[in-house]
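**Q** This is the structure I have questions about; it appears just below.
The values are calculated or read from the model by the stated rules, or taken from the named source; none is laboratory data. Here the structure is a predicted model, which is why all the values come from computation and not from measurement. Cβ atoms come from the backbone with ideal geometry, glycine included; neighbour counts cover every protein chain shown. Surface areas here come from the heavy atoms of the whole protein model, side chains and all, with no ligands, DNA or RNA. Shrake-Rupley method; radii C 1.70, N 1.55, O 1.52, S 1.80 Å.
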Amino acid sequence: MSSLSKPWWSPIVHFLAQTVVGTMIFVIIAGASVSLSLLVHYLESLNVSAFSITVITAVEYVILIFDATLFVVDLFITGIKAVKEMLK
């Protein structure tokens with residue numbers, strides 16, 4: 001083993017680190033969506049207009065769907081990079 005080669009477990013650790021960071025980012029952004037959901041329920045109790053509730057709900061859905069999609073794409077790309085790194 002030369003001094004420049006990486007240990008076999010290096011790609012696995014790199015993948016896990018990327019996954020943990022990605023998960024934390026996902027949870028933080030998803031928290032914004034959950035907060036909007038709670039806000040919608042609160043505003044409904046105050047009899048805020050249906051249009052305002054609909055707009056806020058739509059924003060909530062867009063944030064959550066976009067966040068989840070990017071999270072899955074990130075996991076997929078990170079997984080492919082890890083496999084390529086293992087096959088070197």
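**Q** For the condition in a helix (DSSP H, G or I), among the polar types (S, T, N, Q) and surrounded by fewer than 12 Cβ atoms within 10 Å (Cβ to Cβ), what is the one hit in 19, 54, 23, 78?
**A** The conditions single out 54.
**Q** If you don't mind, there's one more thing I want to ask. Take residue 31 and decide whether it is open to solvent by less than 80 Å² (accessible area, probe 1.4 Å), in contact with a Leu (Cβ under 7 Å, 6 or more places away or on another chain) and in a helix (DSSP H, G or I).
**A** In short, no.
**Q** Please list, ordered by first then second residue, the pairs with beta carbon atoms under 8 Å, 6 or more apart or interchain, first in the range 63-88 and closer than 12 Å to residue 8 by Cα, second open to solvent by 80 Å² or more (accessible area, probe 1.4 Å) and assigned to a helix (DSSP H, G or I).
**A** Pairs found: 82/14; 85/14.
**Q** I've got another one for you. Which condition does residue 73 not pass, out of (1) of a type in the set (Val, Ile, Thr); (2) out of contact with any helix residue (DSSP H, G or I) (no Cβ under 8 Å at 6 or more places or on another chain); (3) surrounded by 15 or more Cβ atoms within 10 Å (Cβ to Cβ), if it passes all the others?
**A** (3)
**Q** So, one more: In the range 34-48, which residues are more than 13 Å from residue 63 (Cβ to Cβ) and open to solvent by less than 60 Å² (accessible area, probe 1.4 Å)?
**A** Scanning the range 34-48 gives 43, 48.
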